[in-house]
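Participant: One structure coming up, written as C-alpha coordinates, with questions to follow.
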Amino acid sequence: MKKIVFVLLSVSAAAACTAATQAELGFDAAVALGALTAAIILWISSALPDYVTALFLAVCFIVFSKVPCGIVLGAFSKPSLWLLLSAFGLTLCLSKCGLLDRLARFIMNLFPKNFMGRVLGLTAVGFISAPFVPSMSAKAAVFAPLAMSIGQASGYKLKSKESAGLFFAMLAAIRSPGPLFISASVNGYTLSGLLPQPYSDYFTMSRWFLAALPWFLIVTALSLFCTWLFFSPKSGQTVSTDAFTQKLPPMSKKERLMALIITATMILWMTENLHGIPAYIISLTALCICISCNIINSREFCSDMNWNAVLFIGVVLEITSVFKYLGINEWFIRLFTPLFSYFAGKPYQYILLIALSTVALRFVIVSEIALINIYMVFLIPFTIGIGINPWIACFTVYAVVCPWFFLYQSPVYMAAYYATEGKMLKPSQAAFSSGVYIIICIIALLLSAEYWIKYNIFFI
(Lines give C-alpha, C1' and ligand atoms only; values in the text may rest on other atoms or scores of the structure.)
Protein backbone atom coordinates (compact mmCIF):
# COMPACT_ATOMS: atom_id res chain seq x y z
CA MET A 1 0.00 0.00 0.00
CA LYS A 2 2.83 2.38 0.91
CA LYS A 3 4.44 1.75 -2.48
CA ILE A 4 1.22 2.58 -4.35
CA VAL A 5 0.69 5.78 -2.34
CA PHE A 6 4.18 7.13 -3.04
CA VAL A 7 4.06 6.13 -6.71
CA LEU A 8 0.75 8.00 -7.12
CA LEU A 9 2.17 10.96 -5.16
CA SER A 10 5.25 11.07 -7.39
CA VAL A 11 3.15 10.98 -10.58
CA SER A 12 0.91 13.78 -9.26
CA ALA A 13 3.95 15.88 -8.30
CA ALA A 14 5.48 15.33 -11.72
CA ALA A 15 2.28 16.45 -13.45
CA ALA A 16 2.00 19.54 -11.24
CA CYS A 17 5.65 20.49 -11.79
CA THR A 18 5.32 20.03 -15.54
CA ALA A 19 2.19 22.19 -15.70
CA ALA A 20 3.76 24.93 -13.55
CA THR A 21 6.96 25.24 -15.60
CA GLN A 22 5.83 24.43 -19.14
CA ALA A 23 5.17 28.06 -20.09
CA GLU A 24 8.73 29.12 -19.24
CA LEU A 25 10.68 25.99 -20.12
CA GLY A 26 8.73 24.37 -22.92
CA PHE A 27 7.16 20.91 -22.84
CA ASP A 28 10.30 18.76 -23.15
CA ALA A 29 12.21 20.54 -20.39
CA ALA A 30 9.15 20.78 -18.11
CA VAL A 31 8.54 17.04 -18.43
CA ALA A 32 12.19 16.36 -17.53
CA LEU A 33 11.93 18.57 -14.43
CA GLY A 34 8.69 16.85 -13.49
CA ALA A 35 10.27 13.43 -13.96
CA LEU A 36 13.13 14.37 -11.64
CA THR A 37 10.58 15.61 -9.06
CA ALA A 38 8.88 12.23 -9.18
CA ALA A 39 12.21 10.43 -8.93
CA ILE A 40 13.23 12.44 -5.86
CA ILE A 41 9.98 11.45 -4.11
CA LEU A 42 10.56 7.79 -4.97
CA TRP A 43 14.19 7.94 -3.83
CA ILE A 44 13.23 9.59 -0.53
CA SER A 45 10.40 7.13 0.14
CA SER A 46 12.28 4.05 -1.16
CA ALA A 47 9.02 2.99 -2.79
CA LEU A 48 11.07 1.41 -5.58
CA PRO A 49 14.69 0.26 -5.64
CA ASP A 50 16.99 3.23 -6.32
CA TYR A 51 18.30 1.84 -9.59
CA VAL A 52 14.80 1.04 -10.87
CA THR A 53 13.72 4.64 -10.25
CA ALA A 54 16.88 5.85 -11.99
CA LEU A 55 16.17 3.67 -15.04
CA PHE A 56 12.56 4.92 -15.17
CA LEU A 57 13.96 8.45 -15.07
CA ALA A 58 16.31 7.67 -17.98
CA VAL A 59 13.38 6.29 -20.01
CA CYS A 60 11.36 9.47 -19.36
CA PHE A 61 14.25 11.65 -20.50
CA ILE A 62 14.67 9.66 -23.72
CA VAL A 63 11.02 9.02 -24.62
CA PHE A 64 9.14 12.09 -23.38
CA SER A 65 11.82 14.80 -23.32
CA LYS A 66 13.49 13.53 -26.51
CA VAL A 67 17.01 13.69 -25.07
CA PRO A 68 19.51 11.57 -27.06
CA CYS A 69 20.39 8.27 -25.40
CA GLY A 70 24.08 9.15 -25.67
CA ILE A 71 23.50 12.07 -23.29
CA VAL A 72 21.17 10.31 -20.83
CA LEU A 73 23.47 7.29 -20.47
CA GLY A 74 26.67 9.11 -21.30
CA ALA A 75 28.27 8.32 -17.93
CA PHE A 76 28.86 4.74 -19.05
CA SER A 77 31.35 6.03 -21.59
CA LYS A 78 33.13 8.37 -19.15
CA PRO A 79 36.17 7.68 -16.96
CA SER A 80 34.45 8.69 -13.70
CA LEU A 81 32.05 5.74 -13.70
CA TRP A 82 34.77 3.24 -14.59
CA LEU A 83 36.96 4.65 -11.85
CA LEU A 84 34.13 4.08 -9.37
CA LEU A 85 33.44 0.58 -10.67
CA SER A 86 37.09 -0.42 -10.36
CA ALA A 87 37.30 1.18 -6.90
CA PHE A 88 34.30 -0.92 -5.82
CA GLY A 89 36.03 -4.00 -7.22
CA LEU A 90 39.31 -3.27 -5.45
CA THR A 91 37.45 -2.74 -2.18
CA LEU A 92 35.75 -6.10 -2.67
CA CYS A 93 39.17 -7.69 -3.18
CA LEU A 94 40.52 -5.99 -0.03
CA SER A 95 37.60 -7.32 1.96
CA LYS A 96 37.58 -10.86 0.54
CA CYS A 97 41.28 -11.50 1.10
CA GLY A 98 41.20 -10.18 4.69
CA LEU A 99 43.58 -7.26 4.15
CA LEU A 100 40.91 -4.66 4.93
CA ASP A 101 40.30 -6.13 8.37
CA ARG A 102 44.05 -6.27 9.04
CA LEU A 103 44.44 -2.62 7.99
CA ALA A 104 41.54 -1.61 10.25
CA ARG A 105 43.18 -3.24 13.25
CA PHE A 106 46.51 -1.62 12.43
CA ILE A 107 44.97 1.86 12.32
CA MET A 108 43.08 1.26 15.56
CA ASN A 109 46.32 0.36 17.31
CA LEU A 110 47.88 3.72 16.38
CA PHE A 111 45.30 5.78 18.26
CA PRO A 112 43.57 5.62 21.64
CA LYS A 113 41.30 2.61 21.85
CA ASN A 114 38.05 4.53 22.20
CA PHE A 115 35.48 6.10 19.90
CA MET A 116 37.30 9.39 19.39
CA GLY A 117 40.51 7.47 18.79
CA ARG A 118 38.85 5.75 15.84
CA VAL A 119 37.58 9.12 14.59
CA LEU A 120 41.07 10.65 14.81
CA GLY A 121 42.48 7.69 12.90
CA LEU A 122 40.01 8.15 10.06
CA THR A 123 40.69 11.90 10.05
CA ALA A 124 44.43 11.27 9.74
CA VAL A 125 43.97 8.81 6.88
CA GLY A 126 41.77 11.28 4.99
CA PHE A 127 44.19 14.17 5.43
CA ILE A 128 47.30 12.19 4.46
CA SER A 129 45.69 10.87 1.28
CA ALA A 130 44.04 14.16 0.27
CA PRO A 131 46.70 15.84 -1.89
CA PHE A 132 47.78 12.63 -3.63
CA VAL A 133 44.58 10.89 -4.74
CA PRO A 134 42.53 13.22 -6.99
CA SER A 135 39.24 11.30 -6.76
CA MET A 136 37.11 11.74 -3.63
CA SER A 137 34.70 9.08 -4.89
CA ALA A 138 37.50 6.53 -5.22
CA LYS A 139 38.73 7.35 -1.71
CA ALA A 140 35.18 7.01 -0.37
CA ALA A 141 34.78 3.60 -2.00
CA VAL A 142 37.97 2.41 -0.27
CA PHE A 143 37.73 4.20 3.10
CA ALA A 144 34.02 3.53 3.83
CA PRO A 145 34.46 -0.26 4.17
CA LEU A 146 37.53 0.47 6.27
CA ALA A 147 35.40 2.61 8.62
CA MET A 148 32.79 -0.16 8.80
CA SER A 149 35.47 -2.73 9.63
CA ILE A 150 36.80 -0.48 12.39
CA GLY A 151 33.30 -0.03 13.81
CA GLN A 152 32.52 -3.75 13.76
CA ALA A 153 35.87 -4.62 15.34
CA SER A 154 35.09 -2.05 18.05
CA GLY A 155 31.77 -3.67 18.84
CA TYR A 156 29.51 -0.93 17.41
CA LYS A 157 26.24 -2.17 15.97
CA LEU A 158 25.51 -1.32 12.35
CA LYS A 159 23.28 1.78 11.96
CA SER A 160 23.90 2.71 15.58
CA LYS A 161 24.83 6.30 16.34
CA GLU A 162 28.46 5.21 16.80
CA SER A 163 28.50 3.53 13.39
CA ALA A 164 26.91 6.63 11.83
CA GLY A 165 29.52 8.76 13.61
CA LEU A 166 32.38 6.79 12.07
CA PHE A 167 30.75 7.15 8.66
CA PHE A 168 30.42 10.90 9.19
CA ALA A 169 34.04 11.15 10.37
CA MET A 170 35.20 9.21 7.32
CA LEU A 171 33.20 11.37 4.92
CA ALA A 172 34.31 14.61 6.60
CA ALA A 173 37.92 13.40 6.48
CA ILE A 174 37.60 13.02 2.71
CA ARG A 175 35.66 16.23 2.05
CA SER A 176 37.33 18.73 4.40
CA PRO A 177 40.90 18.54 3.01
CA GLY A 178 39.53 18.82 -0.55
CA PRO A 179 39.34 22.64 -0.69
CA LEU A 180 42.73 22.85 1.04
CA PHE A 181 44.67 21.27 -1.83
CA ILE A 182 44.17 22.06 -5.51
CA SER A 183 45.28 18.50 -6.26
CA ALA A 184 42.76 16.85 -3.89
CA SER A 185 40.05 16.50 -6.54
CA VAL A 186 39.06 17.51 -10.03
CA ASN A 187 37.03 20.34 -8.45
CA GLY A 188 40.23 22.07 -7.36
CA TYR A 189 41.82 21.83 -10.78
CA THR A 190 38.60 23.07 -12.40
CA LEU A 191 38.20 26.10 -10.14
CA SER A 192 41.87 26.98 -10.47
CA GLY A 193 41.48 26.87 -14.24
CA LEU A 194 38.33 28.99 -14.18
CA LEU A 195 40.02 31.87 -12.33
CA PRO A 196 40.90 34.64 -14.79
CA GLN A 197 44.26 36.38 -14.80
CA PRO A 198 45.81 37.87 -12.72
CA TYR A 199 43.98 35.87 -10.03
CA SER A 200 45.01 32.51 -11.48
CA ASP A 201 48.65 33.60 -11.52
CA TYR A 202 48.50 34.71 -7.89
CA PHE A 203 46.84 31.59 -6.47
CA THR A 204 49.59 29.03 -6.78
CA MET A 205 49.22 25.76 -4.85
CA SER A 206 51.03 27.23 -1.83
CA ARG A 207 49.00 30.47 -1.75
CA TRP A 208 45.77 28.54 -2.27
CA PHE A 209 46.76 26.32 0.68
CA LEU A 210 47.52 29.28 2.96
CA ALA A 211 44.31 31.09 2.05
CA ALA A 212 42.21 27.95 2.65
CA LEU A 213 44.01 26.85 5.83
CA PRO A 214 41.86 28.79 8.38
CA TRP A 215 38.69 27.32 6.88
CA PHE A 216 40.10 23.79 7.00
CA LEU A 217 41.26 24.10 10.62
CA ILE A 218 37.89 25.45 11.76
CA VAL A 219 35.93 22.79 9.86
CA THR A 220 38.13 19.97 11.17
CA ALA A 221 37.89 21.18 14.76
CA LEU A 222 34.12 21.65 14.60
CA SER A 223 33.62 18.30 12.82
CA LEU A 224 35.53 16.48 15.56
CA PHE A 225 33.54 18.32 18.23
CA CYS A 226 30.19 17.53 16.58
CA THR A 227 31.18 13.90 16.10
CA TRP A 228 31.88 13.69 19.84
CA LEU A 229 28.72 15.64 20.72
CA PHE A 230 26.21 13.80 18.53
CA PHE A 231 27.67 10.34 17.92
CA SER A 232 29.93 9.30 20.80
CA PRO A 233 28.82 6.40 23.04
CA LYS A 234 27.04 7.08 26.28
CA SER A 235 29.18 7.78 29.31
CA GLY A 236 30.54 4.59 30.78
CA GLN A 237 29.75 2.53 27.69
CA THR A 238 32.72 0.40 26.69
CA VAL A 239 33.70 -1.07 23.38
CA SER A 240 35.14 -4.39 22.43
CA THR A 241 38.90 -4.72 22.83
CA ASP A 242 39.13 -8.24 21.44
CA ALA A 243 40.25 -6.91 18.07
CA PHE A 244 43.27 -5.33 19.73
CA THR A 245 44.32 -8.14 22.00
CA GLN A 246 44.06 -10.97 19.51
CA LYS A 247 47.27 -11.64 17.69
CA LEU A 248 46.86 -11.54 13.93
CA PRO A 249 48.04 -14.54 11.96
CA PRO A 250 50.79 -14.08 9.36
CA MET A 251 49.68 -12.52 6.10
CA SER A 252 48.43 -15.00 3.56
CA LYS A 253 49.72 -15.14 0.00
CA LYS A 254 46.56 -13.37 -1.22
CA GLU A 255 46.96 -10.62 1.39
CA ARG A 256 50.60 -10.02 0.44
CA LEU A 257 49.73 -9.90 -3.24
CA MET A 258 46.76 -7.59 -2.61
CA ALA A 259 48.94 -5.31 -0.48
CA LEU A 260 51.44 -5.09 -3.35
CA ILE A 261 48.70 -4.34 -5.91
CA ILE A 262 46.92 -1.69 -3.83
CA THR A 263 50.22 -0.01 -2.88
CA ALA A 264 51.28 0.18 -6.52
CA THR A 265 47.82 1.50 -7.43
CA MET A 266 48.00 4.25 -4.80
CA ILE A 267 51.51 5.26 -5.89
CA LEU A 268 50.43 5.45 -9.54
CA TRP A 269 47.37 7.49 -8.54
CA MET A 270 49.57 9.91 -6.62
CA THR A 271 52.04 10.31 -9.48
CA GLU A 272 49.49 10.70 -12.28
CA ASN A 273 50.93 14.11 -13.18
CA LEU A 274 54.33 12.49 -13.85
CA HIS A 275 53.39 9.50 -15.98
CA GLY A 276 50.08 10.71 -17.45
CA ILE A 277 48.20 7.43 -17.04
CA PRO A 278 44.58 8.23 -16.06
CA ALA A 279 43.42 7.01 -12.65
CA TYR A 280 40.63 4.89 -14.13
CA ILE A 281 43.08 3.00 -16.35
CA ILE A 282 45.28 2.31 -13.34
CA SER A 283 42.31 1.09 -11.29
CA LEU A 284 40.87 -1.11 -14.05
CA THR A 285 44.28 -2.68 -14.64
CA ALA A 286 44.67 -3.36 -10.91
CA LEU A 287 41.22 -4.96 -10.78
CA CYS A 288 41.99 -7.17 -13.78
CA ILE A 289 45.23 -8.30 -12.11
CA CYS A 290 43.33 -9.12 -8.89
CA ILE A 291 40.83 -11.30 -10.76
CA SER A 292 43.56 -12.91 -12.88
CA CYS A 293 45.53 -13.75 -9.72
CA ASN A 294 42.38 -15.24 -8.14
CA ILE A 295 42.25 -12.82 -5.21
CA ILE A 296 38.59 -12.97 -6.10
CA ASN A 297 37.24 -15.25 -8.79
CA SER A 298 34.94 -14.23 -11.61
CA ARG A 299 31.90 -15.72 -9.88
CA GLU A 300 32.51 -13.58 -6.76
CA PHE A 301 33.05 -10.53 -8.94
CA CYS A 302 29.71 -11.08 -10.69
CA SER A 303 27.69 -11.99 -7.59
CA ASP A 304 29.20 -9.77 -4.87
CA MET A 305 29.75 -6.52 -6.77
CA ASN A 306 26.95 -4.01 -6.25
CA TRP A 307 25.85 -3.70 -9.86
CA ASN A 308 22.65 -1.95 -8.78
CA ALA A 309 24.82 0.94 -7.59
CA VAL A 310 26.62 1.09 -10.93
CA LEU A 311 23.30 1.43 -12.78
CA PHE A 312 22.00 4.04 -10.33
CA ILE A 313 25.14 6.18 -10.38
CA GLY A 314 25.47 5.84 -14.16
CA VAL A 315 22.08 7.50 -14.67
CA VAL A 316 22.32 10.08 -11.87
CA LEU A 317 25.69 11.42 -12.98
CA GLU A 318 24.21 12.58 -16.29
CA ILE A 319 21.12 14.40 -14.99
CA THR A 320 22.96 17.71 -15.29
CA SER A 321 23.95 16.93 -18.90
CA VAL A 322 20.28 16.30 -19.63
CA PHE A 323 19.26 19.57 -17.97
CA LYS A 324 21.98 21.46 -19.82
CA TYR A 325 20.76 19.99 -23.13
CA LEU A 326 17.20 21.15 -22.31
CA GLY A 327 18.23 24.57 -20.98
CA ILE A 328 16.97 23.95 -17.42
CA ASN A 329 20.27 24.81 -15.70
CA GLU A 330 20.38 28.28 -17.24
CA TRP A 331 16.78 28.87 -16.17
CA PHE A 332 17.63 28.09 -12.55
CA ILE A 333 20.66 30.40 -12.63
CA ARG A 334 18.53 33.27 -13.97
CA LEU A 335 16.16 32.90 -11.02
CA PHE A 336 18.96 33.89 -8.63
CA THR A 337 20.21 36.98 -10.49
CA PRO A 338 18.03 39.55 -8.64
CA LEU A 339 19.22 38.20 -5.29
CA PHE A 340 22.89 38.68 -6.13
CA SER A 341 22.36 42.29 -7.15
CA TYR A 342 20.86 43.09 -3.74
CA PHE A 343 23.94 41.79 -1.85
CA ALA A 344 26.53 43.79 -3.79
CA GLY A 345 29.00 45.48 -1.40
CA LYS A 346 28.09 43.22 1.55
CA PRO A 347 30.90 40.62 1.70
CA TYR A 348 29.64 38.52 4.63
CA GLN A 349 26.11 38.43 3.31
CA TYR A 350 27.50 37.72 -0.15
CA ILE A 351 29.42 34.67 1.10
CA LEU A 352 26.30 33.44 2.88
CA LEU A 353 24.21 33.96 -0.26
CA ILE A 354 26.65 32.02 -2.43
CA ALA A 355 26.82 29.20 0.11
CA LEU A 356 23.05 28.86 0.53
CA SER A 357 22.34 29.15 -3.20
CA THR A 358 24.96 26.48 -3.94
CA VAL A 359 23.35 24.09 -1.47
CA ALA A 360 19.92 24.84 -2.95
CA LEU A 361 21.10 24.28 -6.54
CA ARG A 362 22.61 20.93 -5.58
CA PHE A 363 19.12 19.55 -5.01
CA VAL A 364 18.62 19.86 -8.78
CA ILE A 365 22.11 19.98 -10.33
CA VAL A 366 23.42 16.70 -8.98
CA SER A 367 26.89 16.84 -10.53
CA GLU A 368 29.38 18.88 -8.52
CA ILE A 369 31.65 19.55 -11.47
CA ALA A 370 28.71 20.54 -13.68
CA LEU A 371 27.39 22.98 -11.09
CA ILE A 372 30.86 24.49 -10.69
CA ASN A 373 31.26 24.99 -14.43
CA ILE A 374 27.76 26.42 -14.92
CA TYR A 375 27.64 28.56 -11.79
CA MET A 376 31.13 30.02 -12.16
CA VAL A 377 30.39 31.29 -15.65
CA PHE A 378 27.80 33.56 -14.05
CA LEU A 379 29.40 34.10 -10.64
CA ILE A 380 33.02 35.02 -11.45
CA PRO A 381 32.32 38.12 -13.60
CA PHE A 382 29.61 39.25 -11.17
CA THR A 383 31.99 38.89 -8.21
CA ILE A 384 34.73 40.86 -9.96
CA GLY A 385 32.16 43.49 -10.92
CA ILE A 386 31.30 44.21 -7.26
CA GLY A 387 34.98 44.47 -6.31
CA ILE A 388 35.55 41.11 -4.60
CA ASN A 389 38.26 38.58 -5.42
CA PRO A 390 36.67 35.79 -7.49
CA TRP A 391 38.69 33.23 -5.50
CA ILE A 392 36.30 33.93 -2.61
CA ALA A 393 33.33 32.89 -4.74
CA CYS A 394 35.17 29.84 -6.09
CA PHE A 395 36.24 28.68 -2.64
CA THR A 396 32.78 29.25 -1.14
CA VAL A 397 31.16 27.08 -3.79
CA TYR A 398 33.84 24.42 -3.35
CA ALA A 399 33.36 24.40 0.43
CA VAL A 400 29.62 23.65 0.35
CA VAL A 401 29.14 21.85 -2.96
CA CYS A 402 29.03 18.53 -1.12
CA PRO A 403 25.62 18.02 0.60
CA TRP A 404 24.43 14.44 1.01
CA PHE A 405 20.91 14.99 2.34
CA PHE A 406 19.72 12.46 -0.23
CA LEU A 407 21.57 9.65 -1.92
CA TYR A 408 21.30 11.07 -5.43
CA GLN A 409 23.02 14.36 -4.49
CA SER A 410 26.60 13.25 -3.96
CA PRO A 411 28.68 10.75 -5.96
CA VAL A 412 31.11 10.67 -3.01
CA TYR A 413 28.35 9.74 -0.57
CA MET A 414 26.93 7.25 -3.08
CA ALA A 415 30.33 5.59 -3.43
CA ALA A 416 30.67 5.31 0.37
CA TYR A 417 27.07 4.19 0.85
CA TYR A 418 27.17 1.45 -1.75
CA ALA A 419 30.69 0.34 -0.80
CA THR A 420 29.22 -0.50 2.62
CA GLU A 421 25.91 -1.72 1.13
CA GLY A 422 24.09 0.96 3.13
CA LYS A 423 24.76 -0.89 6.38
CA MET A 424 26.53 1.83 8.38
CA LEU A 425 23.80 4.43 8.85
CA LYS A 426 20.14 5.21 8.30
CA PRO A 427 18.97 7.79 5.72
CA SER A 428 17.81 10.05 8.57
CA GLN A 429 21.29 9.88 10.14
CA ALA A 430 22.86 10.74 6.79
CA ALA A 431 20.59 13.76 6.29
CA PHE A 432 21.28 14.96 9.83
CA SER A 433 25.06 14.62 9.46
CA SER A 434 24.92 16.43 6.10
CA GLY A 435 23.07 19.34 7.68
CA VAL A 436 25.60 19.49 10.50
CA TYR A 437 28.51 19.47 8.07
CA ILE A 438 27.04 22.19 5.83
CA ILE A 439 26.41 24.43 8.86
CA ILE A 440 30.00 23.84 9.99
CA CYS A 441 31.33 24.76 6.54
CA ILE A 442 29.30 27.98 6.42
CA ILE A 443 30.39 29.00 9.93
CA ALA A 444 34.01 28.39 8.91
CA LEU A 445 33.56 30.50 5.77
CA LEU A 446 32.20 33.45 7.73
CA LEU A 447 34.97 33.21 10.34
CA SER A 448 37.65 32.86 7.66
CA ALA A 449 36.40 36.04 5.98
CA GLU A 450 38.08 38.03 8.78
CA TYR A 451 41.40 36.44 7.84
CA TRP A 452 40.83 37.02 4.13
CA ILE A 453 40.00 40.70 4.68
CA LYS A 454 42.98 41.24 7.01
CA TYR A 455 45.41 39.85 4.47
CA ASN A 456 43.71 41.58 1.55
CA ILE A 457 42.73 38.32 -0.12
CA PHE A 458 39.25 39.77 -0.64
CA PHE A 459 40.45 42.57 -2.88
CA ILE A 460 43.56 41.27 -4.68
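The values are calculated or read from the model by the stated rules, or taken from the named source; none is laboratory data. A quick note: this is a predicted structure, and the numbers were derived from the prediction, not measured. Glycine gets a Cβ as well: all are built from the backbone with ideal geometry, and neighbour counts include every protein chain shown. Quick note on the areas: whole protein, heavy atoms, side chains included, nothing else; ligands and nucleic acids left out. Shrake-Rupley method; radii C 1.70, N 1.55, O 1.52, S 1.80 Å.
Participant: Which stretch or stretches of segment 155-194 have amide N atoms under 20 Å from the point lying 7 Å from Asn273's Cα along the Cα→Cβ direction?
Facilitator: Residues 175-194 qualify, since their backbone N sits under 20 Å from the label point.
Participant: To continue, here is another question. Say the cut-off is 27 Å between C-alpha atoms; which of Lys3/Lys423; Lys139/Lys254; Lys96/Lys423; Lys2/Lys78 go over it?
Facilitator: Lys2/Lys78
Participant: Next question, about the same structure. Using a 10 Å cut-off on Cβ atoms, rank the peptides 16-26, 33-43 from the highest mean neighbour count down. Display every interim value, and only then the final one.
Facilitator: Details: 16-26: 14.8, 33-43: 22.5.
Result, highest mean Cβ count within 10 Å first: 33-43, 16-26.
Participant: Taking only Cα atoms of the chain, what ratio of Rg to Rh do you get with Rh as the Kirkwood inverse-distance radius?
Facilitator: 0.97
Participant: With labels modelled as points extended 7 Å from the Cα through the Cβ direction, what inter-label distance (nm, one decimal) is found for Ala13 paired with Lys253?
Facilitator: Between Ala13 and Lys253, the label points sit 5.4 nm apart.
Participant: At what distance in nm do the modelled label points of Val59 and Phe230 sit from each other, each positioned 7 Å from its Cα along Cα→Cβ?
Facilitator: A separation of 3.7 nm, rounded to one decimal place.
Participant: Also, quick follow-up: Going Cα to Cα from Lys346, which lysines come in below 28 Å? Please leave out same-chain ones fewer than 8 positions away.
Facilitator: Filter leaves Lys454.
Participant: Can you compute the FRET efficiency between Ser46 and Asp304 using 1/(1 + (r/R0)^6), with r the Cβ-Cβ distance and R0 = 25 Å? Round to the nearest 0.05.
Facilitator: Computed FRET efficiency for Ser46 and Asp304: 0.65.
Participant: Next question. Can you compute the helix-only [θ] at 222 nm over the chain? Use -39500 (n - 2.57) per DSSP H run of at least 4 residues, normalise by all residues, nearest 500 deg cm²/dmol. Please report the intermediate quantities before stating the final value.
Facilitator: Numbers: 25 runs with 341 residues, N = 460.
So the helix-based figure for the chain works out to -24000 deg cm²/dmol.
Participant: Find the relative contact order for segment 351-447 and round it to a whole percent, using C-alpha pairs within less than 8 Å whose residues are 6+ positions apart.
Facilitator: In percent, rounded to a whole number, it is 33.
Participant: Could you rank the peptides 77-87, 408-418 by their average count of other C-beta atoms within 10 Å per residue, with the highest value first?
Facilitator: 408-418, 77-87
Participant: Between Phe343 and Val5, how high is the FRET efficiency from 1/(1 + (r/R0)^6) when r is the Cβ-Cβ distance and R₀ = 35 Å? Nearest 0.05. Walk me through the numbers before you get to the answer.
Facilitator: Working: r = 42 Å, r/R0 = 1.19.
Once the sixth-power term is evaluated, E becomes 0.25.
Participant: Given a Förster distance of 22 angstrom, what is the FRET efficiency for Met266 paired with Ile291, based on the Cβ-Cβ distance and rounded to 0.05?
Facilitator: 0.70
Participant: Need the full-extension length gain, Asp201 to Lys159, defined as separation in residues times 0.36 nm minus the C-alpha distance. One decimal, nm.
Facilitator: 10.4 nm
Participant: Ok, one more. As a test question: what accessible area, to the nearest 10 Å², does Leu94 have when a 1.4 Å probe is rolled over all protein chains in place?
Facilitator: 10
Participant: A further question follows. At 1.4 Å probe size, with no ligands or nucleic acids counted, give the accessible surface of Glu272 in Å², nearest ten.
Facilitator: So the heavy atoms of Glu272 present about 50 Å² to solvent.
Participant: Please compute the contact order of the chain in relative form: average sequence separation of alpha-carbon pairs under 8 Å and at least six residues apart, divided by the residue count, as a percent. Before the final figure, lay out each step's value.
Facilitator: On the way: 610 pairs, mean separation 104.5, N = 460.
Once divided by the residue count of the chain, the mean separation gives 23 percent.
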